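The values are calculated or read from the model by the stated rules, or taken from the named source; none is laboratory data. Since the model is a prediction, treat every value here as computed from it, not as a measurement. Positions of Cβ are generated from backbone atoms using ideal geometry, with glycine treated the same way; all protein chains shown enter the neighbour counts.
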Amino acid sequence: MKTNPKYVLRNWMAQLAIDAAENEDYSVCEELHKLLKAPYDEQLVFESNWYHKRPEWARHRVGCSMLSCSS
């Protein structure tokens, strides 16, 4: 039994999809959709793009680094 997914949507992943979509490029959205339909599977074709820690560029980008909640 698999208890934890290998692939989980992260803020930096969503930001890449948003940035591309703003330029009418929906390929990143489509790729993430395919990936996240089977998050427990190995999916080696996606591993190099999506199975790694947050990229350096995302460490200082609003919404990709740390989120805070104001209540």
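Per-structure values
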quantity	calculated
Residue identified as touching a residue at least 40 places away in the same chain (Cβ under 8 Å) and surrounded by 12 or more Cβ atoms within 10 Å (Cβ to Cβ) among 26, 7	7
Considering residues of region 43-55 that are outside any helix (DSSP H, G or I) and at negative phi only, the residue modelled with the highest pLDDT	51
Criterion (surrounded by 11 or more Cβ atoms within 10 Å (Cβ to Cβ), aliphatic (A, V, I, L, M), under 13 Å from the mean Cα position of the chain (by Cα) and modelled with pLDDT under 95) met by exactly one of 17, 58	58
Residue list for region 17-42, restricted to those being closer than 23 Å to residue 4 by Cα, outside any helix (DSSP H, G or I) and of a type in the set (Asp, Glu)	41, 42
